[in-house]
1. For the range B:31-79 and the range A:75-93, what is the separation of their Cα centres, given in Å?
2. What is the diffusion coefficient of the range B:1-101 in µm²/s, taking the Kirkwood radius over Cα pairs and the Stokes-Einstein relation at 25 °C with a viscosity of 0.890 mPa s?
3. When the accessible area of chain B is split by element with a 1.4 Å probe, what percent falls to carbon and sulfur?
4. What shape does the protein assembly as shown have by the C-alpha gyration tensor, where a ≥ b ≥ c are the square roots of the eigenvalues, rounded means a/c under 1.5, and otherwise prolate means a/b greater than b/c and oblate the rest?
5. For chain A, modelled as a Gaussian network with Cα springs under 10 Å, which listed residue fluctuates most, A:TYR101, A:TYR89, A:TYR35?
6. Let me spell out the model: positive unit charges on the Cβ of Lys and Arg, negative unit charges on the Cβ of Asp and Glu, origin at the Cα centre of the protein assembly as shown. What dipole size does that give, in debye rounded to 20?
7. To the nearest 20 Debye, how big is the dipole of chain B about its Cα centre, given +1 on the beta carbon of each Lys and Arg and -1 on that of each Asp and Glu?
8. Accessible area drop of at least 30 Å² (1.4 Å probe, protein heavy atoms): which residues of the range B:6-55 qualify, relative to the chain alone?
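The values are calculated or read from the model by the stated rules, or taken from the named source; none is laboratory data. Here the structure is a predicted model, which means the values were calculated and not measured. Here the Cβ positions follow ideal geometry from the backbone for every residue, glycine too, while neighbour counts run over all protein chains shown. Remember, those area values only see protein heavy atoms, side chains included, never the ligands or the DNA or RNA. Shrake-Rupley method; radii C 1.70, N 1.55, O 1.52, S 1.80 Å.
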Amino acid sequence: DTAVSQTPKYLVTQMGNDKSIKCEQNLGHDTMYWYKQDSKKFLKIMFSYNNKELIINETVPNRFSPKSPDKAHLNLHINSLELGDSAVYFCASSLGTGGVYEQYFGPGTRLTVT
Amino acid sequence: AQSVAQPEDQVNVAEGNPLTVKCTYSVSGNPYLFWYVQYPNRGLQFLLKYITGDNLVKGSYGFEAEFNKSQTSFHLKKPSALVSDSALYFCAVRDGGSNYQLIWGAGTKLIIKP
């Protein structure tokens, strides 16, 4: 039973295309996150939702748009992909907010933009 | 400014020896501190956290960490390293600002040699 799952695992696409990454958690958590991990392994928070409400919206190009249809799902849509978007994107979830609860990470989606 | 530092990019330890992965932090208010591990091509996994209480925190896989308020440190330790401990380790601290997101260290690559 996968706790946090992401699809697809790999995504190879050309500049200018639009793509989506899906995330689902079956842990019953209220809070979900999107992170970007670059080639140097730096981890950067992008967005966080709590009970479908956006609570963290870091300085991210507005080409990135998260959507949470329910608290078990958090999708990431990326418009007009650029070379610099190539990275591994991780979804995570936690029981709640406040920086108190441990986060559970998905396996990641490796996005390659050519 | 609030920050977390992992001063070593890489730590090399012989199997069976004790290991330490260092983390120092700077935050306003009481620090909430976390350690996560990332194995190759995997998502991050929670190891342990310090919120309050005993300064020595025990976590998964035999790891522990010591919170030192005067030195603003939260070093990860294990008495006897295993080759399977080889991975990337991240320290994180809760941002004392308004949204309480985690501030992540740059990661330390731990290599355990047989």
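1. 28
2. Translational diffusion coefficient: 174 µm²/s.
3. That share works out to 48 percent.
4. Judged from the Cα gyration tensor, the protein assembly as shown comes out prolate (a/c at least 1.5, a/b above b/c).
5. A:TYR101
6. I would put it at about 240 debye.
7. Working: 10 positive and 8 negative charges, 17 e Å.
My answer is approximately 80 debye.
8. Going by heavy-atom accessible area, the residues of the range B:6-55 that drop by at least 30 Å² are B:PHE34, B:TYR36, B:GLN38, B:ASN41, B:GLY43, B:LEU44, B:PHE46, B:LYS49.
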